[in-house]
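Heads up: the structure comes next, in structure tokens.
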Amino acid sequence: MIMYGLGILAFSYLSGQWLGETLGHLLGIDANVGGVGFAMLILISLKTWFEKKKWTDFEFGINFWNKMYVPIVIAMSASQNVKVAVSSGFLAVLAGLIPTVLLFAFFNVLIKSFNKN
């Protein structure tokens, strides 16, 4: 059963990496753009689809590897080459800075709303 989950995880990862590389190429950035995120979305979509089809052989293996996927994603993210992304152009820098700034602003508003109570 776990082997089915491993096959789905491998398919999701390879498809996500291909989509990330393709998106990076289309944007003119010499880097993978969102490959791990695409892989996670593909894995979640396939898991949901298999559950709807009631294919329980896949469900056990996918659930097992879902629990292992977060540490794997953290390890893959830690190994990304930030220097290449920054040297690839201003768009890559903006793609990282804008969400970070918006997130800090959102947390500031969220914290202030909790402090009012």
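Brief remarks follow.
- For the range 93-117, the residues whose backbone nitrogen is under 19 Å from a point 7 Å from the Cα of Leu23, taken along Cα to Cβ, are 93-103.
- Packing here is the average count of other Cβ atoms within 10 Å per residue, and on that basis the peptides 106-114, 12-20, 87-95, highest first, run 12-20, 87-95, 106-114.
- Between Lys52 and Phe106, the FRET efficiency from the beta-carbon distance, with R0 = 35 Å, is close to 0.55.
All of the numbers you see were taken from the coordinates with simple rules; none came from a lab. This structure is a prediction, so every number in the text was calculated from the model and none was measured. FYI the Cβ positions are ideal-geometry reconstructions off the backbone, even for glycines, and counts take in every protein chain you see.
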